[in-house]
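First, the structure itself, so that you have it in front of you.
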């Protein structure tokens, strides 16, 4: 809940006394706001000069999807490796994928699969998929920021009332699977907006917008104060949280984007709802609507939307899980690609679906596959990339990258490139005053 208080502030502005406070509907801000006031003013200055913007929808398949049961079926491997699935042809001659993805197979000319992702670590968390780095990197100063936090810092919001960085993941029992993206050394000022709980009700102001504007003027008297900034950016985060809250509460764009009742029912039907939720356990449900909300948020102005889809930790009944999760993902992801294309957004929006690592080549006694960090996979679409490709391959048993290993950092560098950032030049100053590059590697040359 956002509480605005008037009162004496230590160190200045003696004329303001503690007189009143306002409680405005609960804003699930993921802690604090997702952009700084400077970024806000830049966005306002640029308003009206930009009709389109670049964006990323990062779909985290938490748990580690089985690479050899999705985009590269190992038909020549022995039965204890191969599994149950058969490959099907796609819209690109010579490329085949798993039979549970017939809709995506028909869209392969608008997509790309990476069959040889390397550089992952055996940790059940979204960190690498959202940052490109291991969790230990720069830990002493707060850690590396996720792509959403970095974009919030570097590019700011497209619209002041729509956060640049939004995290849609439902809360999971295994918390790292629903982490929408770390702020790292950037601090809470660039945390993702998280519409937890009954978001639409929470964002309705409990006072009139006229009175809200009066209170905003009261808070504006603090703008001239030189606030002491702490190393973690908590005070800055609090200020920007209040600013964003006012923008959200006096605009309908974010609320409308989250309200699926405003969407064409035929479009909603194409995405489906992903129910019934199976194989969820301590992970994320297969919420197909999140992919539709992601498109609506990007359309409203968000630059980076993350979500966690399903629980792919298939230590048992791997093939039942992939049939369930894969069929639902096939429906929602294909609908998203077609939807973005129909709205002339696909070249501007990069969609990626991937997990933290792959699964073991050998099927275990429980008909499952266990953790396998040496190689994994990714599915991409949009972003103005050169699509209709299958990049890399694994050896006959699906153990290691055989052709064209693609590092996790190359994938993040590609996402940054598609957002208009040159990773060879762009840096962010860390709390020690040192410039930090977004990645150590360049984008995937085959795609850009």
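Readers should treat all values here as calculations from the given coordinates under stated rules, not as data from a laboratory. What you are looking at is a predicted structure, and each value in this text was computed from that prediction instead of being measured. Note that we place each Cβ from the backbone using ideal geometry, even for glycine, and neighbour counts take in every protein chain shown.
For each of 441, 70, 385, count neighbouring Cβ atoms within 10 Å of the residue's Cβ, then give the residues from fewest to most.
441, 385, 70
Test of understanding: what is the full-extension gain from residue 344 to residue 397, defined as 0.36 nm times their sequence separation minus their Cα-Cα distance?
So the chain would gain 15.0 nm between residue 344 and residue 397.
Shifting gears a bit: Please list, by residue number, everything in segment 86-118 whose backbone N is under 16 Å from a paramagnetic label point 7 Å out along Cα→Cβ of residue 386.
Within reach of a label on residue 386: 109-114.
Still on this structure: For a quick check: sort 328, 425 by the number of other beta carbons within 10 angstrom, fewest at the front.
Listed from fewest to most nearby Cβ atoms, that is 425, 328.
Could you give the nm distance between label points at residue 174 and residue 429, where each point is 7 Å from its Cα heading toward the beta carbon?
Simple spin-label model gives 4.0 nm for this pair.
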